[in-house]
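Single-structure report; data block below.
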Amino acid sequence: MADTTGSDMKPGSFMSEKSAKIFVAGHRGLVGSAIVRKLQESGFTNLILRTHSELDLTNQSDVESFFSAEKPAYVILAAAKVGGIHANNTYPADFIAVNLQIQTNVIHSAYTNGVKKLLFLGSSCIYPKFAPQPIPESALLTGPLEPTNEWYAIAKIAGIKMCQAYRIQHQWDAISGMPTNLYGPNDNFHPENSHVLPALMRRFHEAKANNAEEVVVWGSGSPLREFLHVDDLADACVFLMEKYSGFEHVNVGSGVEVTIKELAELVKEVVGFEGKLVWDCTKPDGTPRKLMDSSKLASLGWTPKVSIRDGLRQTYDWYLENVVQKKQ
Ligand SMILES: NC(=O)C1=CN([C@@H]2O[C@H](COP(=O)(O)OP(=O)(O)OC[C@H]3O[C@@H](n4cnc5c(N)ncnc54)[C@H](OP(=O)(O)O)[C@@H]3O)[C@@H](O)[C@H]2O)C=CC1
Ligand SMILES: C[C@H]1O[C@H](OP(=O)(O)OP(=O)(O)OC[C@H]2O[C@@H](n3cnc4c(=O)[nH]c(N)nc43)[C@H](O)[C@@H]2O)[C@@H](O)[C@@H](O)C1=O
């Protein structure tokens, strides 16, 4: 009979299966590439990787054929339609439809093709706009969402619920991690569609290179955001694959929050821009604060390592080497 309690399972032995086939979906993105680095450093030798053009995860029959041919043992789902506040606000249909398609295809095909365990990644935007701070996992579905990203959030909430439903009905080990705002190598540095940290890094860099006097920053500067380096997130993902087989999603944060004004000052300092900041208050602030309560993950034994200052310096070095120098 189906387990209708959704109770926790015993974690398996992920770390001891170094030659198991692992499909990392979205392996060229910010998160997927960090997960690949972490798995390779940890000695995993059989990673299955497909670019978007090799396998479009929104195509149900292609995803089904891929899983039935490859039969991976584990799946980490880091492929999604992702963007900052402007992209989410401008392309709501893409954010809800593409994400629902990718996650539905991958989760269902993984289950039907005998995958042992799947990790789904959501985001801190799943929580209500005015959730208690720091936000515990139990705040899910307790209030209205932030309007600038509710379409993406609804897709991510559906992903969590799909993992839980397959766990209840099929006793299948699908777990969900909810990362806070991330940054690091292979981030998206698009001027409008990216997240705040890479957007500001690029804008300050270009302003410095062009001897500009000022840089425009969106909103009021007062919203608070919690940032986690993507190497810490990748470490947490591998940790969850090894140690966690619970029903509830797990928050993954750094516990450290800064205002957007403080972030802008920090990025300005790291980049070495000496002009002034101008605030464009016609742009949305989004949710006022979203600090996650990551005590559940801490109680399992995981803590982040990278400070925001070190992470920013490392990311700027990466940007100079991999984006700026490659353009020259
Ligand atoms: N970045 C952040 O701050 C946060 C991210 N997350 C979550 O982490 C996960 C990864 O995000 P992130 O790495 O930042 O995103 P990126 O945009 O950097 O990477 C997404 C990856 O998914 C791939 N992809 C997108 N659409 C398709 C498709 N139809 N078929 C196949 N591959 C596809 C992309 O390939 P291509 O580029 O070729 O299209 C890319 O490799 C997402 O689930 C996101 O919600 C959660 C919290 C914060
Ligand atoms: C990870 C998370 O990311 C998104 O939510 P967000 O945290 O609001 O994202 P953001 O990084 O784009 O903005 C953070 C703050 O920063 C301000 N801001 C200033 N200047 C720029 C700027 O130049 N670009 C951007 N993007 N923001 C700027 C901006 O106005 C806002 O107040 C969701 O899409 C959601 O889906 C999600 O999961």
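Bear in mind that the values in this text are calculations on the coordinates, not laboratory data. Just so you know, these numbers come straight off a predicted model, no measurement behind them. Neighbour counts are summed over all protein chains in view; Cβ atoms, including those assigned to glycine, are modelled from backbone coordinates with ideal geometry.
Looking only at the chain, where both bridge partners belong to it, what percent of the DSSP beta bridges are antiparallel (to the nearest 5)? Could you put the intermediate results ahead of the total?
On the way: 3 of 31 bridges.
About 10 percent, rounded to the nearest 5.
Specify the angular offset, from 0 to 90 degrees and rounded to the nearest 10, of the alpha carbon long axis of helix 30-41 from the longest principal axis of the alpha carbons in the chain.
Roughly 60 degrees, rounded to the nearest 10.
Which residue, E226, E192, E54, has the most motion in a Gaussian network model of the chain that connects Cα atoms within less than 10 Å?
E54
Enter the Cα centre distance for the pair the stretch 219-257 and the stretch 39-109, rounded to the nearest angstrom.
When both Cα centres are located, 20 Å separates them.
Going by average Cβ neighbours within 10 Å, how do the peptides 77-89, 7-19 rank, with the highest at the top?
Numbers: 77-89: 22.8, 7-19: 13.2.
Ranking, from highest mean packing down: 77-89, 7-19.
Count of lysine pairs in the stretch 170-317 with Cα atoms under 19 Å apart, counting only pairs 8 or more residues apart in sequence or on different chains?
Here the count comes out as 10.
Charges only on Cβ, +1 for Lys and Arg, -1 for Asp and Glu: so what's the dipole of the stretch 190-328 about the Cα centre, in debye to the nearest 20?
Dipole about the Cα centre, nearest 20: 120 debye.
To the nearest 10 degrees, how steeply does helix 230-243 sit against the main Cα axis of the chain, on a 0 to 90 scale?
20
Which value, in debye to the nearest 20, describes the size of the charge dipole of the chain about its Cα centre when Lys and Arg Cβ atoms bear +1, Asp and Glu Cβ atoms bear -1, and nothing else is charged?
My answer is approximately 360 debye.
Rg and Dmax of the chain over Cα atoms: what are they, in angstrom?
In Å, with Rg to one decimal and Dmax whole: 19.6, 69.
Determine by what factor the alpha-carbon radius of gyration of the stretch 1-62 differs from 2.2 N^0.38 Å, reporting the quotient.
1.44
How far is it, in nm, from the label point at D56 to the one at K18 when both lie 7 Å from their Cα along the line to the Cβ?
Placing both labels 7 Å beyond Cα along the Cβ direction yields 3.9 nm.
To the nearest 10 degrees, how steeply does helix 150-170 sit against the main Cα axis of the chain, on a 0 to 90 scale?
20
As a test, work out the antiparallel percent of DSSP beta bridges whose residues both lie in the stretch 169-266, rounded to the nearest 5.
35
For the chain, what relative contact order do you get, as a whole percent, if you take Cα pairs closer than 8 Å and at least 6 residues apart? Don't skip to the end; give the middle numbers.
On the way: 630 pairs, mean separation 68.6, N = 328.
So the answer I get is 21 percent.
Which residues does the label zone of V216 cover in the stretch 263-281, counting backbone N under 11 Å from a point 7 Å along Cα→Cβ?
Correct set: 278-281.
Can you put V217, V270 in order of Cβ neighbours within 10 angstrom, beginning with the fewest?
Lowest count first: V270, V217.
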